Amino acid sequence: MNIVVLAKLVPDLVEELTIDANGNALDSSFARLIINEFDDHAIEQGILLKERGGGSVTIIAPDAEGADDVLFTAAAKGADRLIKIKGDFSNVNNHALARAFAKVVSGIKPDLVLTGVQAHNDLDGALGPLLAELLEMPYIGYVSAVSINGDKVLIKKEYPGGLLAEMDVQLPAILGIQAAEEPPRYVAVSKVRQAMKTSSIEEQDASNLDPCGGSAIGRMFQPEASSHATMITGSPDEVAEKLVGVFKELGIV
Amino acid sequence: MIVAEADRSFYDRVLQATPEGERLRLCLECGNCSGICPFGYLMAYPPSRMIAMLRADRFDKLLEADSIWMCVSCYACTAACPSKIPLTPGLMASIKEELVLAGNVPNELQNALTNSQRYGNPLGESPRKRADWANRIAPEVKIMGKFKQPVDVLWFVGDYASYHPRVQSTTRALARILNALGVDFGILGPDESSDGDSQRLAGEHGLFEMLADKNGKAFGKYKFNQIITTDPHAYNAIKNEYPKLGISYPIQHYTEFLAERLDQIKPMLKRESKAKVTYHDPCYLGRANGVFDPPRALIKAIPGVTLAEMLHNHTNSLCCGGGGGGMWLDGFQWEKAHVRLSEWRVREALDTKADILAVACPYETPRFEDAAKTVEGAAQLKVKDIAELLLEAMGI
């Protein structure tokens, strides 16, 4: 079983986000990147599948600050092959990212592709369905359990309202992981350091970062307050009198 | 006797963790350690039974049990051992390390370790906000990276003192005291990382080394004569562990630093207090490092204050439950124990009829204040850091 997992880096919300001078994108010079949480679950699911049924796990990440750490951490968890796609990904949309991933993934001829079901910076749709279209593979999102059964996978898909569906999917297929069956595991710092010595990152060039098909951002801005609460001050009697005045004004009494 | 491969590598780890690790072989099986361990009665394998299992070649059984995560690294077992086996930093930390390397870590602890790796603090706060507590202090607290000049004293603030909203008020109190004393001091701010000591004692030695390395580099960037710290865990790390990694600086806990300046401080303590105060010895200030008198001297210097000792005091002090990863295992330990060590300590404080439970470690104010909310009759007990008591007495 040849499993590929895609790992995207997104701005870390621990830091305050700022908008760049043009007013239509995040200021990437202040953003600190972190692995998309759902992609972390996709990596865990990939490793769990390998541990249960064998095979190999390849992790692919676009070049960004922190990408090497993400890849080596995955290797310390048990990933076999690490690929970094070189290119300027600082302000690309998911359409461009999907095209870059598709080129690398098609060269690997995977049986199963796992990706996080969503990311908080998906402004032009989730990555999984875009990639499925390019690779002409079936896609199922919101997956929370996967087991391999010959040339098919049996998956559990979550629906709103607490409903779960079980589905058979013909391989090769792409799954959007909502949650791995186990929480992403902790890897000790010494194990990550060991992985840095024993594994290597292959680099492949993104031929063409084509954003075509994605939405154009007109303006990006912080939430703006449209009105403010009025604070009523004074002694309890004065406050009560003012409140009654407000109620009368609003026609409540 | 042929020692199994796993056991041999484990003994190596114990030796690596502490210089006297081989004393493990001198265990008399007296059981003192298991008896004095505050959670020993709940462990399938308390310390002496852990050693018995190791000797019986049943290391695998130890790893299967989760007893070890009840260990709060309080040094009680180590202090009570007649064979002077360094149980806390050796055996206990090494078993935890074995589990951490196998990825077998309780979820709560995993979050704290991941946060420490990524943000340099277990709370998962932005490293850029590490000095935000100092925003309203005047004169301004010097952040070394901005100030770019030598200072006399570098204050290693620590994680909880920097970020925890309750402890920040203690941190601000000490800043005001240092200003009042005219101490020329600075802080590292965003350059400071977690001291890593609790992570080390929770079994994440690689993470400890990474954090120590970052702090070592930060210390190396600036000029100062000595370090003081608010955090006994940072004190223990910088005093006893960092030198093994080639990072050596003179360090004092803030209570030692202030106690040396009592002649200057005493005339400033103008506000008399009628309070009865009891003092909780932090494990890593008292038992682990023998600093018992300076905190008491500071409390006694406040006019009108009487100091009452709890049943467990000095070397025999009880842990607040926060050490060795305990700070990040509250849920796990509650599930196992349905008791909190902090509540036990608050009940002892009540027995002294004290008005104030004084502390000198940033883990303790929030832990004891929470405990005082649930212990019957403790609603009136105030929990205050010694820095807060001094500032109140100074009336500034």
With the cut-off at 18 Å, tell me which of the pairs B:LYS148/B:LYS223; B:LYS276/B:LYS384; A:LYS77/A:LYS103; B:LYS129/B:LYS382; A:LYS77/B:LYS336; B:LYS217/B:LYS239 have Cα atoms farther apart than that.
A:LYS77/A:LYS103; B:LYS129/B:LYS382; A:LYS77/B:LYS336
Extension gain, A:TYR159 back to A:SER106 (0.36 nm per residue minus Cα-Cα distance, nm)
16.1 nm
Kindly put B:TYR75, B:TYR363 in sequence by how many other C-beta atoms sit within 10 Å of each C-beta, fewest to most.
B:TYR75, B:TYR363
Starting from the exponent 0.38 and prefactor 2.2 Å, build the expected Rg for the range A:114-253 from its residue count and divide its actual Cα Rg by it.
1.86
Can you sort A:MET231, B:MET70, A:MET1 from fewest to most other Cβ atoms within 10 Å of each residue's own Cβ?
A:MET231, A:MET1, B:MET70
Run the Debye formula on the Cα coordinates of the range B:31-119, all scatterers equal and no solvent, and tell me log10 I(q)/I(0) at q = 0.11, 0.19 1/Å.
-0.31, -0.87
On alpha carbon coordinates alone, what is the Rg over Rh value for the range A:1-94, Rh being the Kirkwood radius?
1.05
Antiparallel %, DSSP beta bridges [both residues in the protein assembly as shown], to 5:
25
Between B:TYR45 and residues 5 or more places away or on another chain, the pairs with built amide H atoms under 5 Å apart involve B:SER67
FRET efficiency (A:PHE221, B:ASN135; Cβ distance; R0 22 Å; to 0.05) is 0.25
Arrange the peptides A:124-135, B:178-189, B:54-65, A:208-219 so that the one whose residues have, on average, the most other Cβ atoms within 10 Å appears first.
A:124-135, B:178-189, B:54-65, A:208-219
Using only the alpha carbons of chain A, determine the length spanned along each of the three principal axes and report them from longest to shortest in whole angstroms.
76, 43, 42
If you take each beta carbon of peptide B:93-100 and count the beta carbons of other chains within 10 angstrom, what is the mean?
1
Derived scalar couplings ³J(HN,Hα) [the range B:87-101; Karplus, 6.51 cos²θ - 1.76 cosθ + 1.60; whole Hz; x for Gly, Pro]:
5, 5, x, x, 4, 5, 5, 6, 5, 4, 4, 4, 6, 5, 5
So, relative contact order of the range B:5-101 in percent, Cα under 8 Å, 6 or more apart, is 37
Ratio for the range B:178-224, C-alpha Rg to 2.2 N^0.38 Å, reads 1.43
Of all beta bridges DSSP finds with both residues in chain A, what is the antiparallel percent, to the nearest 5?
40
Near the amide H of A:GLY141, under 5 Å away, which other amide H atoms are found, from residues 5 or more places off or on another chain, if H is placed in the peptide plane?
A:GLY176
In this structure, the FRET efficiency calculated for A:LEU250 and A:LYS197 from their beta-carbon separation, with R0 = 51 Å, to the nearest 0.05, is 0.15
5 angstrom amide H check on A:LEU26, placed H, neighbours 5+ away
A:ASP20
Two decimals, Cα atoms only, Kirkwood Rh: what is Rg/Rh over chain B?
0.97
Given R₀ = 60 Å, FRET efficiency for B:ALA44-A:GLU136 by Cβ-Cβ distance, to 0.05?
0.60
In square nanometres, what is one fourth of the surface area of the convex hull spanned by the alpha carbons of the range A:166-215?
7.7
Length added when fully stretched, B:HIS338-B:ARG271, from 0.36 nm per residue minus Cα-Cα
20.0 nm
What order do you get for A:76-85, B:14-23, A:15-24 when each peptide is scored by the mean count of other beta carbon atoms within 10 Å, highest first?
A:76-85, B:14-23, A:15-24
For the pair A:GLU65 and A:ILE232, the simple spin-label estimate (label points 7 Å beyond Cα toward Cβ) gives in nm 5.0
For the range B:258-303, divide the Cα radius of gyration by the Kirkwood radius and give the resulting Rg/Rh value with two decimals.
1.02
The Kirkwood hydrodynamic radius of the protein assembly as shown, taken as the inverse of the mean 1/r over all distinct Cα pairs, in Å, comes to 27.9
Please work out the Cα convex hull volume for the range B:259-396 and give it in Å³ per residue.
106
Per residue of the range A:68-76, what does 6.51 cos²θ - 1.76 cosθ + 1.60 with θ = phi - 60° give for ³J(HN,Hα)? Whole Hz please, x for Gly and Pro, Karplus curve as stated.
4, 4, 4, 5, 5, 5, 5, 5, 5
Rotationally averaged projected area of the range B:118-259 (alpha carbon convex hull; nm²):
7.8
Residue exposure sequence - B:ILE251, A:ILE252 - by fewest surrounding Cβ within 10 Å
A:ILE252, B:ILE251
Relative contact order for the range A:2-205: what is it in percent, counting Cα pairs under 8 Å that are at least 6 residues apart?
25
Taking the DSSP beta bridges in the range A:72-203 as the whole, what percent of them are antiparallel, to the nearest 5?
55
Give me a comma-separated list of calculated 3J(HN,Hα) values for the range B:349-366, in order, Karplus coefficients 6.51, -1.76, 1.60 applied at θ = phi - 60°, integers in Hz, x for any Gly or Pro.
5, 4, 4, 7, 6, 6, 7, 10, 9, 8, 10, 9, 9, x, 6, 7, 4, x
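Each reported figure results from applying straightforward, stated rules to the coordinates on display, with no laboratory input. Predicted model only: the values in this text are computed from it and were never measured. So basically every Cβ, Gly included, is an ideal-geometry build from the backbone, and we count neighbours across all protein chains shown.
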